[in-house]
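Engineer: Starting off with a structure, shown below.
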Amino acid sequence: MENELITVKQVTMNYRVREADKSRNKLSNFLHPSYRTINALANINFQVRAGDVLGYVGENGAGKSTTIKILLGILRKTSGSVTVLGHDPMAERKKIAPRVGTLMGQKSQLWWELPLQDSFYFLQKMYQRTDHADQIWLAELVERLQVGSFLKQPVRELSLGQRMRGEFIAALLHQPEIVFLDEPTLGLDVATRAAVLDLLLQINREKRTTILYTSHEMADVEKIANRLLLLEQGQVGYDGDLDRFKDQYAAYQRVAVQGVTDLKTIPGVTIYQRNNTNIICLLDQRLITTTAFIQQVPLLTQQAVKGITVLPNNLEMILLLRAQRKGGA
Ligand SMILES: Nc1ncnc2c1ncn2[C@@H]1O[C@H](COP(=O)(O)OP(=O)(O)OP(=O)(O)O)[C@@H](O)[C@H]1O
């Protein structure tokens, strides 16, 4: 289809890793190494359309970063086919690079020894985005992410949050059509995180920028994504509307029991979170209604219950539930 900016068809990625055979000595391991294959992506398929904000989520090691590296042409897939903006990212990386923006966790696009503003200047030159409209856009980014007060400071002197704001500007200043963000809010405080998410939503709305957003912060994913792609052990576990995914779990209800650190569980009740002041449970309302649970709570603990609150369901809870089921818990 014409408006598909990314297509991933039957993509498999196997990593071959060297592994020492403990039954042999170091020399024979060195001379005759043995290998193990890690199947990071097992035949995955998906498309990303113009304007999508795709929350690309999954547990550690599910294969998210591997996918992004393949889409950026920095990793060769084992099999399958991939196009980004109609091109093969490995063979035609130079054609794609000016049209995409990236922010990959710990990797920096900034020049550490130079003032932050010099990195913006060089990146603008590199992308040949130096006309009046580009300067206005850069000024808007500087304003929106409040980096004006440290533009003249060398990047190496910036705090993590300040640098990350600079990284966002570096990823967006050339007005890319697609933005790949891998754990972009890692280490950001609440206010900066909110500013960054608002900015991403704005460019999606106003410039129709397509966003592929990977994070373990499910609240951020819920705020920004209109589509969820869930990767489970290298396979697509869900691909579709985020709200529809949550609706599938409407039978479950999150309930906080305050003042309690110990609670007997009964069928249909799973302990979801526990801390020094309360326990959050997940109720499968097909087995126990919220009202029935609230009535039974005093019988399930010897501690004084200070209160019971029904909480809204969230994505994090659903993913935990799925992981527990898969693990046989
Ligand atoms: N360079 C590599 N060599 C060997 N194995 C690798 C390599 N990179 C990733 N893997 C393996 O591939 C699998 C998928 O890793 P990947 O980094 O894509 O997962 P992820 O979903 O991004 O995880 P996380 O959320 O922890 O960042 C894991 O089992 C990982 O150990």
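Engineer: Can you work out the FRET efficiency for the pair L299 and D131, with r the C-beta to C-beta distance and R0 = 56 Å, to the nearest 0.05?
Structural biologist: 0.20
Engineer: Here is a follow-up. Give the lysines whose C-alpha is closer than 17 Å to that of K207, dropping any in the same chain fewer than 8 places away, or say none.
Structural biologist: Within the straight-line limit of under 17 Å, K207 reaches no lysines at all.
Engineer: Over the stretch 2-99, calculate the relative contact order: mean separation of alpha carbon pairs under 8 Å at least 6 apart, over the residue count, as a percent.
Structural biologist: Here the relative contact order equals 37 percent.
Engineer: For the pair K94/W111, report the inter-label distance in nm, with labels modelled 7 Å from Cα in the Cβ direction.
Structural biologist: 2.2 nm
Engineer: Mind checking which lysines have their Cα closer than 24 Å to the Cα of K152? Skip sequence neighbours fewer than 8 apart in that chain.
Structural biologist: K107, K125
Engineer: Determine which aspartates and glutamates satisfy two conditions relative to K22: a Cα distance under 13 Å, and not lying fewer than 8 residues away in the same chain.
Structural biologist: Here the aspartates and glutamates satisfying the reach criterion relative to K22 do not exist.
Engineer: Stokes-Einstein at 10 °C, 1.306 mPa s, Kirkwood radius from Cα pairs: D for the stretch 251-312 in µm² s⁻¹?
Structural biologist: 141 µm²/s
Engineer: Sort the following peptides by mean Cβ neighbour count (other Cβ atoms within 10 Å, averaged over residues), highest first: 24-33, 65-74.
Structural biologist: Going from most to least packed, we get 65-74, 24-33.
Engineer: Past 29 Å, Cα to Cα, is the threshold; run K77/K223; K223/K306; K69/K326 against it and keep the listed order. Write down the numbers at each step before the final one.
Structural biologist: Values: K77/K223 31 Å; K223/K306 31 Å; K69/K326 27 Å.
Table pairs above 29 Å Cα-Cα are K77/K223; K223/K306.
Engineer: What does the convex hull of the alpha-carbon atoms of the chain project to on average, in nm²?
Structural biologist: 22.9 nm²
Engineer: Subtracting the Cα-Cα distance from 0.36 nm times the residue separation, let me have the gained length for R325 to N313 in nm, one decimal.
Structural biologist: 2.6 nm
Engineer: While we're on this one: Within the chain, what is the longest stretch that has no GluC sites (Glu not before Pro) placed in a DSSP loop and near at most 10 other beta-carbon atoms within 10 Å?
Structural biologist: After excluding every exposed loop site, the longest remaining stretch is 114-329.
Rule-based calculations on the coordinates, nothing more; no lab input. It should be emphasised that the depicted structure is a prediction, and the values quoted were computed from it without experimental measurement. Reconstructed Cβ throughout: ideal geometry from the backbone, glycine too, with neighbour counts over all protein chains shown.
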